[in-house]
Amino acid sequence: MPKPGYRQTANHRKKHSVSIVGEKNPSYGKRGEKSPIYGKKRPDISGSQNPNWKGGITSQGGGYFKKSSPDHPRADSNGYVLLHRFVLEKKLGRFLRTKEIVHHIDGNPGNNSAENLMVFPNFIEHMKFHKANIGEK
Ligand SMILES: [Zn+2]
């Protein structure tokens, strides 16, 4: 945040000179810790103010995705819920219980279309289903 009395003109001049020396500047294009210009120019924006915001969907690891949903009753401490659970909840029109397991019909955890998801009441039922389907992927 600029301080009161911060001089815009000085800022512009700095920015201009950097753009001239840009490619010769060792930190050119790195856009990070080393560049005081970018540090000032890019305030900490996140969430819906971020131009790269894609509905808050991010990788969970293991091929799974999670979605930012801070108002969700079962969001994790960072405000995320697993995307496949979120999608199925929309489809069912209710929140899933913690015990309920969402199964990816095609076996691809990245395919989170509602048609690819089904719910099992608990872990055991889900395992039974997988055992009954040995031989399938
Ligand atoms: Zn499954």
Practice task
Could you pull out every residue, at least 5 positions away or on a different chain, whose amide H is within less than 5 Å of the one on Phe65? Hs are placed 1.01 Å off N in the peptide plane, and Pro or chain starts have none.
Solution key: Gln60, Leu83, His84
Problem - For Arg97, net neighbour charge (Lys/Arg +1, Asp/Glu -1) across residues whose Cβ lies under 11 Å away - result: +2
Problem - Theoretical gain in end-to-end length, Phe95 to Asn133 [0.36 nm per residue, Cα-Cα removed] - result: 10.9 nm
Problem - Cut-off 13 Å, label 7 Å out along Cα→Cβ of Ser59, residues of segment 98-137 by amide N - result: 110
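Throughout, read-outs are computed from the coordinates displayed, never taken from laboratory work. Since we're looking at a predicted model, the values are computed, not measured. Using ideal geometry, Cβ is built from the backbone for each residue, glycine included, and neighbour counts are taken over all protein chains shown.
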